[in-house]
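Have a look at the structure below, then the notes.
The values are calculated or read from the model by the stated rules, or taken from the named source; none is laboratory data. Predicted, not measured: the structure shown is a model, and the values here were computed from it. Neighbour counts run over all protein chains shown; Cβ positions are idealised from the backbone, glycine included.
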Amino acid sequence: MTTSEPSDTLDLEWVELPPWPRRPSDGHKGTFGSVLIVAGSRGMAGAAALAGRGALRAGAGLVRLAVPETILETVAGFEPSYAIVPLPADPQGRIDFAPPETWTLLEEQASWADAVAVGPGLGRSPELDRMIRFLAESPALERPRVFDADALNALADLGGLDHVRGPAVLTPHPGEAARLVPELAEQARHDRVGFLTTLSPRLRDSGIVFVLKGAETLIGDGRRARRNTTGNSGLATGGSGDVLTGVVAALLARGLAPFEAACLAVDRHGRAGDLGARRRGPNGLIASDLPEFIAEALREWED
């Protein structure tokens with residue numbers, strides 16, 4: 001349904017939220033989708049775990065985390081409900097894409113998944129850039145993907161949006177958006193509606209959905225857009241975006257189209273922040289609180 005918005009939105013159609021996907025009473029694990037999250041590095045194991053817990057609390061049936069083998073036990077210790085896929089690690093504790101077995105393992109795991117998310121806590125290296133290029137461009141990976149955090153910085157260094165084969169959801173904050181689309185850097189930082197509007201012709205028919213994070217996060221696919229109204233300053237804390245990545249991936253795995261998945265994920269992630277701030281105050285809210293409040297936000301929606 002179209003809603004009225006200011007004239008600076010030009011030809012974008014601003015829309016209301018789609019319905020949350022039904023959860024049939026006779027469903028099983030496979031009914032609710034499988035998610036692969038490629039994330040983590042030494043010192044950033046928590047980012048992988050937060051994304052995994054976000055996906056689980058958003059209703060994904062199966063979640064696997066592909067992480068460097070050096071942090072396997074740490075990531076496993078955060079949550080028993082997801083599975084861990086250990087990948088070769090480089091000396092700095094990041095995923096090492098150089099060994100052929102890394103490529104093979106990732107391809108196998110991505111083929112298993114209904115949706116793939118990549119980026120939280122990855123770190124940066126030339127080999128990781130190669131991995132992101134593989135996950136972004138490979139014609140064999142036709143399932144939807146979410147790119148966040150270090151995956152976005154890798155895409156920026158590789159040349160930006162031209163290297164992303166849809167369907168895909170990108171979740172940058174304004175600084176990451178400025179690096180992804182440097183010719184629109186000023187708009188990304190200071191005029192987010194103008195940025196999304198100017199970017200729209202490049203998004204149309206690309207299969208890419210852009211989630212420009214911040215107060216009143218904006219979501220657009222080149223034709224439609226939504227301005228999110230949930231959330232508060234308590235979400236401005238490290239790891240909050242990692243949880244959102246998992247929620248988006250879960251909804252993609254459950255069969256929602258990328259734009260609808262992004263809109264719903266941002267809305268309920270923000271609502272989880274509102275519930276958390278009400279309970280603990282915005283100053284005391286931390287990212288590891290959010291998956292529990294996402295469960296409450298979904299129950300509220302269902303009620």
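So which residues in the stretch 275-301 are part of a loop (DSSP other than H, G, I, E, B) and either surrounded by 20 or more Cβ atoms within 10 Å (Cβ to Cβ) or among the charged types (D, E, K, R) (or both)? The answer is Leu285, and nothing else. The numbered conditions (1) of a type in the set (A, V, I, L, M, F, W, C); (2) touching a Gly at 6+ places or on another chain (Cβ under 9 Å); (3) crowded, with 24+ Cβ neighbours inside 10 Å are all true for Leu203 except (3).
Identify, from the list Gly46, Gly54, the residue that is surrounded by 23 or more Cβ atoms within 10 Å (Cβ to Cβ) and touching a residue at least 60 places away in the same chain (Cβ under 8 Å). Quick ask: steps written out before the conclusion?
On the way: Gly46 fails: surrounded by 23 or more Cβ atoms within 10 Å (Cβ to Cβ).
After ruling out the rest, the residue left standing is Gly54.
Could you grab me the full set of residues in the stretch 67-94 that are touching a strand residue (DSSP E or B) at 6+ places or on another chain (Cβ under 8 Å), over 18 Å from Leu50 (Cα atoms) and either among the aliphatic types (A, V, I, L, M) or without any contact (Cβ under 8 Å) to a residue 12 or more places away in the chain (or both)? Those that are touching a strand residue (DSSP E or B) at 6+ places or on another chain (Cβ under 8 Å), over 18 Å from Leu50 (Cα atoms) and either among the aliphatic types (A, V, I, L, M) or without any contact (Cβ under 8 Å) to a residue 12 or more places away in the chain (or both): Leu87, Ala89.
If you take the residues of the stretch 79-109 that are of a type in the set (Gly, Ala, Ser) and touching a Lys or Arg at 6+ places or on another chain (Cβ under 7 Å), which of them is surrounded by the fewest Cβ atoms within 10 Å (Cβ to Cβ)? So that I can check it myself, show each step before the final result.
So the first thing to find is which residues in the stretch 79-109 are of a type in the set (Gly, Ala, Ser), and the list is 81, 83, 89, 93, 98.
If we keep only those that are touching a Lys or Arg at 6+ places or on another chain (Cβ under 7 Å) as well, we get 83, 93.
Values: Ala83: 13, Gly93: 18.
My answer is Ala83.
Residues that are without any contact (Cβ under 8 Å) to a residue 40 or more places away in the chain and either closer than 18 Å to Thr171 by Cβ or under 18 Å from the mean Cα position of the chain (by Cα) (or both) within the stretch 107-127 comprise just one, Arg124.
Which count do you get for residues in the stretch 151-164 that are on the phi < 0 side of the Ramachandran plot and either of a type in the set (Val, Ile, Thr) or out of contact with any strand residue (DSSP E or B) (no Cβ under 9 Å at 6 or more places or on another chain) (or both)?
Filtering the stretch 151-164 for residues on the phi < 0 side of the Ramachandran plot gives 151-158, 161-164.
Those left that are additionally either of a type in the set (Val, Ile, Thr) or out of contact with any strand residue (DSSP E or B) (no Cβ under 9 Å at 6 or more places or on another chain) (or both): 153, 156-158, 162-164.
Of the residues in that region, 7 qualify.
Residues considered: Thr217, Thr230, Thr245. Of these, the only one that is buried (at least 22 other Cβ atoms within 10 Å of the Cβ), touching an Asp or Glu at 6+ places or on another chain (Cβ under 7 Å), under 26 Å from Ala39 (Cβ atoms) and of a type in the set (Ser, Thr, Tyr) is Thr245. Looking only at residues in the stretch 213-260 that are of a type outside the set (A, V, I, L, M), in contact with a His (Cβ under 9 Å, 6 or more places away or on another chain) and outside any loop (DSSP other than H, G, I, E, B), the one that is nearest to Ile286 (Cα to Cα) is Ser240. With respect to Ala272, is the statement that it is in a helix (DSSP H, G or I), of a type outside the set (Val, Ile, Thr), modelled with pLDDT of 95 or more and more than 28 Å from Ala113 (Cβ to Cβ) true? Answer is no for this residue. Of the set (1) aromatic (Phe, Trp, Tyr); (2) surrounded by 21 or more Cβ atoms within 10 Å (Cβ to Cβ); (3) under 19 Å from the mean Cα position of the chain (by Cα), all apply to Phe134 but (2).
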